[in-house]
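Report on one structure; see the data block that follows.
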Amino acid sequence: MSDSPDLRGFETRAVHAGQAFDPTTGAVIPPVHFSTTYAQDGIGGLREGYEYGRSGNPTRTALEVQLAALEGGAYGLSFASGLAAEDALLRAVLKPGDEVLLAGDVYGGTYRLIARILGPWGVGLRVVDMRDLGAVDAALRERPARIVWVETPSNPLLHITDIAGLAKLGHDVGALVVVDNTFASPALQQPLALGADVVVHSTTKYLGGHSDVVGGALVINDAAVYEQAKFLQFAAGAVSGPLDAWLTTRGIKTLGLRMQRHSENAQAVAEFLAGHAKITQVHYPGLPTHPGHELAARQMTGFGGIVSAELADAASARRLAESTRLFQLAESLGGVESLMNYPDAMTHASVRGTDLAVPENLVRLSVGIESVDDLIADLDRALARV
Ligand code: PLP
């Protein structure tokens, strides 16, 4: 579908890939198929391959085609959550004795999944700062890994990793290179084109885009890896439900527009915070002072909507997090509304005391698409109380 000459541009793919009108009624928007089972024309006589809701559903297929087209990949798979997608991929690829080389800053739940769920089944885990490709090279030479896993930009410190460089190092030792593209979204960065093997998403975030549906996705080029992951999706069953898939599809249609506005607003918020006396450090790849700024400008087409900031101490960060009004104090990110998060006690509580612990004086802002003056006024007012 993404090869169609009509579907070259990203925004065109976002609106049309997998979204052909309903051939029976002409309905322009493909319907939500709630049916859990499908009539057979004689035993085994399946129409379009649909048999049972866990193994396949047309609404989920529509989303999977759309996801693959957005990331420029061959195959998309949609799951009940981002972690369900991660779990399926990890279990599809790994066996006891294999190791995952994980970036030093990732979503706490990803670390928890590998360390606490797969660890007891014999999967090893090493953590390395992947901003430093020399360190990755040394770690892989010491012992090859089966999977190299990175988030860029990372959650919550906005580390930027060179995807093309990482892919080369991973492939040299036969590893599968996985990029969690949740923060950038395919509107701003397409890791498969840079050499990655698999893209992971929490579609709960920017792809859904409206904080009203939990979901996850894998986009894969290699047919064998796809077949293994698809088998896990079917055999373990963490599929997205039809309405969840449909809502995600609807959100995706405005992804390009939203990411532009998220990026513009986040840039303005980052610049405001960088000039504020009570902020000691701002982490945003759009700032020229960010160590990954030039790399991000090369491998992304925008810097995204997440800004993290450090204050003098933990008490000040907690006070700021509890003082904003438009920025609502809540977990998650990527919706149209602005959210405030205190990672140490919220999204990243599960990595306290580990190599991935986040600074206690850090707040993370998911900058929404509201009027930016209102967002800055909200932060200014809240910072006056810190
Ligand atoms: N990856 C990243 C970067 C995330 O931020 C999250 C959730 O916050 C996940 C994966 C997990 O996704 P989900 O919460 O949809 O399971």
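Points to keep in mind about this one:
- Considering only the Cα atoms of the chain, their convex hull presents on average a projected area of 19.5 nm².
- Whether segment 95-239 is rounded, prolate or oblate, judged on the alpha carbon gyration tensor where a/c under 1.5 counts as rounded: rounded
- For the pair E294 and Q281, label points projected 7 Å from Cα toward Cβ lie 2.1 nm apart.
- Sequence-distant residues sharing a close amide H with L125 (under 5 Å, placed H): V100
- Extension gain from D172 to A135, taking 0.36 nm per residue of separation minus the Cα-Cα distance: 11.8 nm
- Label zone (A314, point 7 Å along Cα-to-C-beta; backbone nitrogen cut-off 18 Å) within segment 328-367: 341-364.
- Structure note, pairs K205/K230; K95/K253; K95/K230; K95/K168: Cα-Cα distances above 27 angstrom occur for K95/K253.
- For the chain, the mean residue ellipticity at 222 nm estimated from helices alone is -10000 deg cm²/dmol, where every DSSP H run of n ≥ 4 contributes -39500 (n - 2.57) and the total is divided by all residues, rounded to the nearest 500.
- Whether segment 294-384 is rounded, prolate or oblate, judged on the alpha carbon gyration tensor where a/c under 1.5 counts as rounded: oblate
- Over all other residues within a Cβ to Cβ distance under 11 Å of T354, the charged ones net out to +2, with Lys and Arg as +1 and Asp and Glu as -1.
- Extension gain for R126 to A235 (0.36 nm times residue separation, less C-alpha to C-alpha distance): 36.4 nm.
- When the residues K230, K95 are ordered by accessible surface, computed with a 1.4 Å probe over the protein chains alone, the sequence from largest down reads K95, K230.
- For the chain, the per residue solvent-accessible surface stands at 41 Å², with DNA, RNA and ligands left out and a 1.4 Å probe.
- Sorting R250, R143 on solvent-accessible area from highest to lowest, probe radius 1.4 Å, gives R250, R143.
- Solvent-accessible surface (1.4 angstrom probe) belonging to H171, in square angstrom, nearest 10: 80 Å²
- FRET efficiency for Q40 and A74, using Cβ-Cβ distance with R0 set to 30 Å, rounded to 0.05: 0.55
- FRET efficiency, A20 to S55 (Cβ-Cβ, R0 35 Å, nearest 0.05): 0.95
- Backbone N within segment 329-371 under 18 Å of label point (7 Å from A274 Cα along the Cβ vector): 363-367
- Loop-located GluC sites (Glu not before Pro) in segment 14-119, at most 12 other Cβ atoms within 10 Å (DSSP): E48
- Using the Cβ-Cβ distance between A345 and S4 with R0 set to 56 Å, the FRET efficiency works out to roughly 0.70.
- Nonpolar atom fraction for the chain, defined as the carbon and sulfur part of the 1.4 Å probe accessible area, stands at 53 percent.
The values are calculated or read from the model by the stated rules, or taken from the named source; none is laboratory data. As the structure is a prediction and not an experimental result, all values here were calculated from the model. Counting neighbours? That spans all protein chains shown, and the Cβs are built from the backbone with ideal geometry, glycine included. Keep in mind that these areas ignore ligands, DNA and RNA; they rest on the heavy atoms of the full protein, side chains included. Shrake-Rupley method; radii C 1.70, N 1.55, O 1.52, S 1.80 Å.
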